[in-house]
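Written below as structure tokens is the structure these notes are about.
The values are calculated or read from the model by the stated rules, or taken from the named source; none is laboratory data. Small disclaimer: the values here were computed from a predicted structure and weren't measured. Note that we place each Cβ from the backbone using ideal geometry, even for glycine, and neighbour counts take in every protein chain shown. Protein only, heavy atoms only, side chains kept; ligands, DNA and RNA dropped before computing areas. Shrake-Rupley method; radii C 1.70, N 1.55, O 1.52, S 1.80 Å.
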Amino acid sequence: MRTKNLTLAALVLTAGLSLTACQGNEGSAATTSDSGSSAASSSSEASGTSGGSGDSDENTSTSGGDSTTTSAAGSGNGQITTGTCRTADLDFDTSPGMGEGTLLVSLTNTGGDTCSLKGFPGVDLRSQDASGPLSAKRSDLAAPAVAIGPGEATRFTLHYPQAEGTGAYVSAIEITPPNETHSKALSVSLRLQIADGADQKVVVDPVGTGKQ
């Protein structure tokens, strides 16, 4: 009778150990599965974050001082532009303004794509009666964004104190479009007043302002 009791106890102990081992293996498998899912999820998220260079709205490249911005959205007038107008793709011309002491400078897009301009141009006046160029000051006008299609033009106004008689003779002006580093010289014939503070009256408006 004692032998039967020992045998029955051994069978119960063996069954208990087998059940515990099975449960342990199932828990281990579940843990491994969860770990694999977490690793796959992390890998997927990392992959999505590192890509997307094509999602950028703007790509800017600079070469030799030229800065060109490619934008997915249009700039000014609702037109899609290929970036800032370069000096090489602009044709410059001058004409007298409506009032005395004003000069209109037009900029025509000679390139094959629409480009944009926003800001103040750099204007240097070269006089035979001065030791160096006279740089125009900026006016207080706000600068609009202007899109210029192929063959289209915009302009800006240069204000200067006109001399009624003798004065400093300006034979040329150098124009640097907004956001550009290359300039272009234009022949002009202007007479500036020679007086204290006269140079402070040489003022340039931003591109795209005034009557177009």
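Annotations for the structure displayed:
- Residue among LYS211, LYS184 that alone is charged (D, E, K, R), at negative phi and modelled with pLDDT of 95 or more: LYS184
- Only residues that are modelled with pLDDT under 95, under 22 Å from SER135 (Cβ atoms) and not in a strand (DSSP E or B) were counted across the range 65-98, and they come to 2.
- Residue match in the range 111-128 (condition: open to solvent by 30 Å² or more (accessible area, probe 1.4 Å), farther than 16 Å from THR209 by Cβ, assigned to a strand (DSSP E or B) and polar (S, T, N, Q)): no
- Meeting the requirement of 1 or more residues that are open to solvent by 60 Å² or more (accessible area, probe 1.4 Å) and basic (Lys, Arg), the strands (runs of 3 or more DSSP E) wholly within the range 139-212 are 153-159, 184-192.
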